[in-house]
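Please read the structure below before turning to the comments.
Just so it is clear, none of the values below were taken in a lab; they were calculated from the coordinates. These numbers come from a predicted model, not from an experiment. Here the Cβ positions follow ideal geometry from the backbone for every residue, glycine too, while neighbour counts run over all protein chains shown.
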Amino acid sequence: MKKWAMLTGLMLCSLSAQAKGDAKAGEEKAVMCVACHGATGKVSVPLYPNLAGQNAEYLAHALQAYKKGERSGGQAEIMKAYVSGLSDSDIDNLAAYYASQKP
């Protein structure tokens with residue numbers, strides 16, 4: 001019974017994390033991400049992370065951190081340039097889109 005309750009809780013958290021943005025609108029914005037993250041968030045170059053199937057809240061938080069300059073190293077400056085013009089809604093939509101993709 002304990003495992004069932006934990007599984008149910010995880011599923012509910014996952015659904016709520018995906019429900020904040022509009023995946024269809026995010027798909028339109030994702031055009032700018034394709035070069036590094038692939039057409040559906042699956043990369044062919046291991047230098048970049050796969051985004052497909054990631055938790056939407058995590059993705060939104062990461063994009064906000066890039067936008068605010070709170071992430072450094074690696075590709076942070078490139079990411080900051082890409083996300084600097086995105087609204088909070090755009091970020092939520094991108095996160096919803098990539099979260100909805102099959103890993």
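Overview of values
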{"item": "Most positive-pole-ward Cα, Gln75, Ala30, Ala65, against dipole of segment 21-88 from beta carbon charges", "result": "Gln75"}
{"item": "Potential extension, Ser44-Ala25 segment - 0.36 nm per residue separation minus Cα distance", "result": "4.4 nm"}
{"item": "Separation in nanometres of the label points that stand 7 Å from Cα toward Cβ, at Lys102 and Gln75", "result": "2.4"}
{"item": "Cβ charges +1 (Lys, Arg) and -1 (Asp, Glu), total dipole of segment 42-103, debye", "result": "200"}
